[in-house]
Amino acid sequence: MDVPNLLSDSFSSIGEGENGEETVIATAILLVNLRKGKIGNIAKMGNLGGKFLKLAKLLKLNISSPTTISILENVDNTVQEFISTHRKGSIKAVFPAEYLDSTVKEALQSGNTTVRKLLTDSRFLK
């Protein structure tokens, strides 16, 4: 099976004006990383990936972690929304109440170690 040609045929309209071969290669790398579950590698690709990478550095998060990807996708949500969607509800009992209405980004930048631990530790995933 000639995967590059199949991808080229499937994605011929993507990236008009760009080098078609580069688009095919980038798409193939994306699909391989997705299949292998390497979400961090996917996040590093493209403009959105660059934004994620800068934000992860700013917040001192590991870009290769699926937990980090979840956080980065929700940095503008309130902590309360983030917890109800992505974390076990039991952490609300110990989570500092003054941070519940701030954004996830603001809470992580606050320097509060309890907040950071409860938002980033994979033990508290749903």
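Is the C-alpha gyration tensor of segment 69-126 telling us rounded, prolate or oblate? Criteria: a/c under 1.5 is rounded; beyond that, a/b larger than b/c is prolate, otherwise oblate. Rounded. Using the 1.4 Å probe convention, the accessible area of segment 54-126 works out to 56 Å² per residue with neighbouring protein chains retained. Close amide H partners of Arg87, meaning residues 5 or more places away or on another chain with modelled amide H under 5 Å apart, are Lys126.
The values are calculated or read from the model by the stated rules, or taken from the named source; none is laboratory data. In this text, all values refer to a predicted model and were calculated from it rather than measured experimentally. Each accessible area value is taken on the protein alone, full model and side chains, heavy atoms only, with ligands, DNA and RNA left out. Shrake-Rupley method; radii C 1.70, N 1.55, O 1.52, S 1.80 Å.
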